[in-house]
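Please read the structure below before turning to the comments.
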Amino acid sequence: MADRFHVWQNLGTAVEATIRLHSNCLQTAVTSPDDLTSDGDSVEATKATSPIEARIRERHATIHALLAQGHCIREIAREVHIGGNTVRRNARAAVPEQLLSGRRQPRPSQLDPYKPHLDKLWAEGHTNAIQLHVELQNLGYRGSYQIISDYLRPRRRRRIRTVPPAPPGIRRIIDWMMRHPENLSDSESEQFAAILSHCLELAALHAHVRAFAEILQTRSGQHLKDWVIAIRTADLPRLHAFATGLEKDWDAVLQGLSTRWNSGPVEGRVNHIKMIKRQMFGRAKLPLLRKRVLLTAARPAASAVHE
């Protein structure tokens, strides 16, 4: 009678080999065009609001909301923890841009006439600042390379921030494949579903694994032959090898997947013999090992007779 644990373990080995054959699917499954910054981003999209500007806008909205509720300047200053003069300036400003207009504006740059052409080159995929510097010099630009590098730095930072997450490792995919779907968390189910929808071979593998798990859990070994036939028609060579192994010991496997009996006691005895063998540090030979096994097996019977 085949041990169900070892049969399931052998299936896991075949699953791991199959997933490794299609490991390229894991990288492309988690990478979508929406995750990456397009090289054609506009200048407006690459401009990020500074923390100071965001704080000014938020404070302006808070003060005007409190004014609309009927609070006075002193109450707002106490509530927001700022000075009364700051509250008055915000109250007089109808829009936050009036508060921002007095802030230091960027000075004119030698790069300004060439920015449209520079934006066009960036959109076409030319992102090397040294090559862009040479290109603009051919057009008459006399500024430094550093000015171009500073102009492109916000775009490079944005591209770095939007690098997609690393795909799940092969061991994690194996775990998801061999576990019951109800035991997966919501995030794990979403990631796993995305991978299966992207790789048809892994989706077929998962279907066959769940079908075998149903046979094992319900002890419906009468369906094992149909499962093996379905495996033979699938383009999954590692599962073909697993099915061949089942056929070599078919009667024992069928008994293990059809009856409530199992080979647990036999496996326990084998582990016990291995433990005795390790205790002898490999120095004794078979006669001593045989004698110790027999004495260990006879001890429980002697204890029962004594009682």
Practice problem: Report the label-to-label distance for residue 275 and residue 127 in nanometres (one decimal), using points 7 Å from each Cα along the Cα→Cβ vector. | Solution: 6.0 nm
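Quick one: length gained pulling residue 172 to residue 57 fully straight, 0.36 nm per residue minus the C-alpha distance? Could you put the intermediate results ahead of the total?
Working: separation 115, 0.36 × 115 = 41.40 nm, distance 4.49 nm.
Fully extending the segment from residue 172 to residue 57 adds 36.9 nm.
Please compute the length gained on full extension between residue 180 and residue 8, using 0.36 nm multiplied by the number of residues separating them and subtracting their Cα-Cα distance. Mind dumping the intermediate values first?
Details: separation 172, 0.36 × 172 = 61.92 nm, distance 1.32 nm.
Stretched fully, the residue 180-residue 8 segment lengthens by 60.6 nm.
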Quiz item: Counting other Cβ atoms within 10 Å, which chymotrypsin sites (Phe, Trp or Tyr not before Pro) in the range 200-261 have at most 16 and lie in a DSSP loop?
Solution: 261
Quiz item: Roughly how many Å is it from the Cα centre of the range 184-222 to that of the range 1-27, as a whole number?
Solution: 12 Å
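Give me the extension gain from residue 234 to residue 207: residue separation times 0.36 nm, minus the current Cα-Cα distance, reported in nm with one decimal.
Numbers: separation 27, 0.36 × 27 = 9.72 nm, distance 1.12 nm.
Gain on extension, residue 234 to residue 207, equals 8.6 nm.
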Quiz item: For residue 244 and residue 284, what does the FRET efficiency come to when R0 = 22 Å and r is the distance between their Cβ atoms, rounded to the nearest 0.05?
Solution: 0.05
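Could you do me a favour and compute the accessible area per residue for the range 138-244, 1.4 Å probe, result in Å²?
Values: 6080 Å² over 107 residues.
The answer is 57 Å² per residue.
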Quiz item: Hey, with R₀ at 22 Å, roughly what FRET efficiency would residue 134 and residue 156 work out to, going by the Cβ-Cβ distance, to 0.05?
Solution: 0.75
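The values are calculated or read from the model by the stated rules, or taken from the named source; none is laboratory data. Keep in mind it's a predicted model, so treat the numbers as computed, not measured. Here the Cβ is made from the backbone with ideal geometry for all residues, glycine too, and neighbour counts use every protein chain on show. Side chains are part of the model used for accessible areas, which takes the heavy atoms of the whole protein and leaves out ligands, DNA and RNA. Shrake-Rupley method; radii C 1.70, N 1.55, O 1.52, S 1.80 Å.
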